[in-house]
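A short write-up of the structure that comes next.
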Amino acid sequence: MRIDIEAASVRIEGATILHRVDLLLKPGEIVGLIGPNGAGKSTLLKAIAGLSSLSDGAIRYDGVRAQEIGAARLARRLAYLAQDGEISWPLRVEHLVGLGRLPHRTPFAGESEEDRVAVERAMKLAEVAQFRARTVQSLSGGERMRVLLARALAVEAEVLLADEPVAAVDPLHQLRVMDLLRRVAAEGKCVVVVLHDLALAARFCNRLVVLAGGCKLLDGSPDELTDTIIARAYGVSTLRGEHLGQAFVLPWAPLGPHNG
Amino acid sequence: MLRLADADRVASVSWLSRDAANSNVAALADRVPVNHGLAEEVMSHRPDVVLAGAWSSRTTVEILKRLGVKLVEFDVPRTFDEARAEIRKLAAAIGEQERGEAMVRDIDAGLAALPSPKPPLRALVMQPNGFTVEKGSLVEEIMNRAGLENLASRVGGGGYLQVPLEAVALQQADVMILNGEAYGAPSLATAALEHPIIKALGRRLRVVALPPKLWTCVGPNLVEATRLLIAQTRGAGTAAR
Amino acid sequence: MTAASVSPVARAEATRHAWLVVGLSLIVACALVGSLFVGYAGLDVTQAIADALRGAQTLPAIVLVELRLPRALLGCFVGFSLGLAGAAMQGFLRNPLAEPGVVGVSGAAALGAVIAFYSGLSTLVPLALPFGAIAGAIFAALLLFALVGRGAGTMTVILAGVAINSFAAALTSLALNLSPNGFSALEIVYWLMGSLVDRSLPQVWLATPFMLAGWILLLTAAPALDALSLGEPTARSLGFDMARLRVRLVVGAALAVGASVAVSGAIGFVGLVAPHVLRPFVGHRPGRLLFVSGLGGAALLLLADIAARLLPIRPELKLGVITAMVGAPFLFHLVYRLRREA
């Protein structure tokens with residue numbers, strides 16, 4: 001599915017959160033949506049997910065707008081992983097992952113064979129199958145995030161939108177989750193991830209979109225992420241290096257008085 | 001009291017007396033001032049004697065006693081004899097013994113004039129929430145005089161009893177007495193009239209609506225209550241099981 | 001992992017759930033029949049059933065059909081409504097303390113019924129009684145969701161319930177004060193405590209359609225409530241319309257609870273105890289809990305009504321009193337548990 005974001009603007013109570021952002025999303029890529037706090041990243045992601053509306057501009061899914069597709073059908077093609085992984089009840093892992101199949105279930109029908117297969121596949125991909133009978137509350141933060149990710153994968157949607165999936169997670173799980181997302185994109189999905197971690201984004205995404213103050217500063221490969229752009233977006237200097245043929249970039253030191 | 005004393009001798013009566021639904025002397029009460037049972041109100045009339053019932057506010061009664069007012073308290077009569085005694089006591093308190101005796105004679109004459117129906121029919125009184133009348137109450141006396149046996153005394157011990165409709169049916173009561181006006185303001189008490197089992201029991205059960213004002217007061221209304229019961233339970237077209 | 005190896009596990013679970021439903025249904029059925037056998041005086045029930053089926057108007061048959069049957073049916077339906085509404089509210093508010101009595105929906109429904117009855121409206125138009133109760137329930141539910149917002153914490157839910165209950169009680173007192181029937185305040189006290197004594201078949205026909213409509217609205221909300229366990233944004237991304245869900249729950253709960261209160265008075269705690277006891281048996285899934293909780297509520301209320309008749313206490317204990325005696329300690333226990341977990 002191609003997602004065409006045209007001049008998207010969002011204004012809330014007079015404040016401009018997003019200003020005329022253009023973006024084209026294609027399958028097979030993992031897009032890192034990065035930028036400082038309040039840049040509008042989550043707002044843009046929510047708009048793409050169809051969860052919030054634009055003040056101006058349009059988003060088209062294969063040329064069709066969200067209202068014409070309908071919430072139910074859009075839910076089958078778009079999976080959204082929310083920022084604060086809220087889980088209200090002590091559900092078993094396999095039941096929670098099974099919730100991802102809800103968009104596919106007809107009313108009054110139980111779980112179908114197809115649903116069960118999808119759930120198994122998602123749990124295996126996210127490496128949480130061994131937890132299937134445990135309640136989510138008994139898992140660690142990182143394991144819980146993988147379970148929520150499995151839930152999103154169970155939708156078997158063409159697009160996966162993740163809002164800061166690794167924000168509160170330990171380094172091991174950060175790396176595993178990012179690696180998983182990269183593999184998922186390689187299989188042909190379109191993955192958009194909002195990230196705070198510059199280094200992770202530059203390392204795992206094959207495309208970076210930098211937002212600051214509601215405006216797009218960059219839309220290109222990680223190679224195009226220059227120090228100037230980073231300075232403008234974050235107000236920090238960087239440390240660059242290479243390890244085993246792979247380049248990495250780390251935020252290093254705050255730059256002088258900055259109004260980013 | 002309104003029946004026994006001249007209107008110009010009455011300083012004031014309770015405001016409830018004017019409520020036609022619940023008072024037998026509403027018309028008489030219209031002619032005199034009313035009070036709401038407050039000590040101040042009562043004292044403002046400077047009465048020679050104050051009559052208080054069992055339901056008057058205890059605090060008001062205590063205050064009036066302490067103020068040195070001549071206070072005569074009346075209880076709730078449980079038999080016809082007690083009712084007669086109450087009438088005589090009230091008449092003595094206001095100095096109208098003659099009229100008091102006359103009233104008692106009228107009541108006795110009225111009761112004597114009524115037939116004494118036999119054999120007794122089985123009856124249950126249904127009050128709101130299924131309560132019935134306790135053993136040895138004035139209502140029971142009236143019922144007995146009207147040829148009705150109060151089944152409540154058979155169903156269990158004394159004290160308050162609850163009588164669900166099922167008991168009315170299964171105890172094979174002949175008469176069910178409802179406390180209330182059949183066509184007055186909506187009340188749970190008379191809502192029981194609507195229950196389909198009444199219709200289903202049909203001729204097996206006779207339902208009588210007895211307005212409370214007829215049997216909560218002491219006076220000629222007692223005769224009226226008895227007469228009503230007899231008429232409704234033995235009148236034309238009554239099934240005598 | 002092949003498809004074949006996945007199925008047995010899932011099939012075992014489906015079987016377990018089926019057993020739960022069957023088991024509960026059996027309990028309800030037994031309690032229903034038991035309720036027919038319990039009464040205030042000896043009654044040959046089997047003879048009565050035979051008579052009734054023949055169409056013979058014998059005394060046992062009349063008592064069975066006109067008194068015991070409506071009481072048993074209402075015990076079942078009212079209990080189901082309360083259990084179901086409780087589970088639905090808890091699923092939506094994502095809080096195990098929500099239930100029609102605690103949050104004030106029952107109290108407001110009672111207010112609506114009192115107004116409809118004592119104004120004389122329901123004597124003119126019998127439908128006015130359930131309508132009044134349902135209107136009261138809708139008002140309270142709307143007020144509740146407005147006060148509580150999205151997935152509110154325990155404190156907010158309880159406080160909102162206290163506020164709504166107090167308000168409803170005050171207005172009820174006012175209505176009784178102004179009622180044309182001077183004795184209304186006295187006679188309504190017992191009605192408000194909740195009871196099924198001397199209910200009639202016409203009352204069953206009056207209330208059941210509304211309850212049924214409420215059940216359908218609530219039961220079909222099951223998938224949405226499941227999705228809601230992950231929070232509102234995720235639930236919406238799964239294709240569920242939150243605004244429509246809220247309307248469905250308000251109307252459904254109001255219909256079920258309102259119609260129940262119109263015939264039985266305010267009975268509380270059934271919607272608290274039933275879902276709580278049964279939640280572990282459905283893996284804490286709010287969707288699965290709905291129907292099961294209804295069955296649990298029906299069983300609970302029928303058993304309480306049987307107990308009311310069997311207990312040697314006279315005057316007979318009101319249903320609302322029995323459920324409160326069981327439910328209030330339960331509530332304390334829940335509050336304590338939630339405080340510890342917080």
Out of (1) in contact with a helix residue (DSSP H, G or I) (Cβ under 9 Å, 6 or more places away or on another chain); (2) outside any strand (DSSP E or B), the one residue A:218 does not meet is (2)
Checking A:76, A:101 in turn, the sole residue that is at the interface with chain C (Cβ under 8 Å from one of its Cβ atoms) and among the basic types (Lys, Arg) turns out to be A:76
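When the residues of the range A:44-63 are narrowed to those that are more than 10 Å from chain C (Cβ to nearest Cβ) and surrounded by 22 or more Cβ atoms within 10 Å (Cβ to Cβ), which ends up farthest from the chain's Cα centre (by Cα)?
In the first step, residues of the range A:44-63 are kept if they are more than 10 Å from chain C (Cβ to nearest Cβ); the result is A:44-45, A:47-48, A:53-63.
Restricting the remaining residues to those that are surrounded by 22 or more Cβ atoms within 10 Å (Cβ to Cβ) gives A:44-45, A:47-48, A:61.
Working: A:44: 11, A:45: 7, A:47: 12, A:48: 11, A:61: 17 Å.
Out of the qualifying residues, it is A:61.
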With criteria (1) over 17 Å from residue C:298 (Cβ atoms); (2) over 15 Å from the mean Cα position of the chain (by Cα), residue C:107 comes up short on (2)
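Would you call residue C:272 modelled with pLDDT of 95 or more and either outside any helix (DSSP H, G or I) or not basic (Lys, Arg) (or both)?
no
For the range A:165-191, enumerate the residues that are part of a loop (DSSP other than H, G, I, E, B), among the charged types (D, E, K, R) and touching an Asp or Glu at 6+ places or on another chain (Cβ under 9 Å).
Restricting attention to the range A:165-191, the residues satisfying the condition of being part of a loop (DSSP other than H, G, I, E, B) are A:165-170, A:187-189.
From the residues that got through so far, the ones that are among the charged types (D, E, K, R) too are A:170, A:187, A:189.
The one that is part of a loop (DSSP other than H, G, I, E, B), among the charged types (D, E, K, R) and touching an Asp or Glu at 6+ places or on another chain (Cβ under 9 Å): A:189.
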Notebook entry, point to check: Going by the structure shown, is residue A:116 within 11 Å of chain C (Cβ to nearest Cβ), crowded, with 18+ Cβ neighbours inside 10 Å and basic (Lys, Arg)?
Noted result: yes
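Do any helices (runs of 4 or more DSSP H) entirely within the range C:118-235 hold 3 or more residues that are among the β-branched types (Val, Ile, Thr), and if so, which?
Details: elements: C:121-124, C:128-148, C:154-178, C:184-192, C:201-219, C:222-228.
Here the list reads C:128-148, C:154-178, C:201-219.
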Restricted to the range A:77-108 and to residues being surrounded by fewer than 18 Cβ atoms within 10 Å (Cβ to Cβ) and of a type in the set (Lys, Arg), the residue farthest from residue A:27 (Cα to Cα) is A:105
Hey, does the range C:55-70 have a residue that's away from every other protein chain (no Cβ under 11 Å), of a type in the set (A, V, I, L, M), in a helix (DSSP H, G or I) and more than 16 Å from residue B:165 (Cβ to Cβ)? no
From the option list C:52, C:116, C:110, single residue qualifying as within 14 Å of chain B (Cβ to nearest Cβ) and either surrounded by fewer than 24 Cβ atoms within 10 Å (Cβ to Cβ) or free of Cβ contacts under 8 Å to residues at least 12 places away in the same chain (or both) is C:52
Could you tell me whether any residue of the range C:272-283 is within 30 Å of residue C:129 (Cα to Cα), surrounded by fewer than 24 Cβ atoms within 10 Å (Cβ to Cβ) and of a type in the set (Gly, Ala, Ser)?
no
Exception for residue A:157 within (1) touching a residue at least 24 places away in the same chain (Cβ under 8 Å); (2) farther than 20 Å from residue C:285 by Cα; (3) not in a loop (DSSP other than H, G, I, E, B) falls at (3)
Looking across the range B:72-110 at residues that are acidic (Asp, Glu) and touching a Pro at 6+ places or on another chain (Cβ under 9 Å), the single one that is surrounded by the most Cβ atoms within 10 Å (Cβ to Cβ) is B:86
**OP:** Determine whether the range C:184-201 contains at least one residue that is of a type in the set (Asp, Glu) and over 17 Å from residue C:267 (Cβ atoms).
**Re:** yes
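The values are calculated or read from the model by the stated rules, or taken from the named source; none is laboratory data. As the structure is a computational prediction, the values presented were derived from the model and not from experiment. FYI the Cβ positions are ideal-geometry reconstructions off the backbone, even for glycines, and counts take in every protein chain you see.
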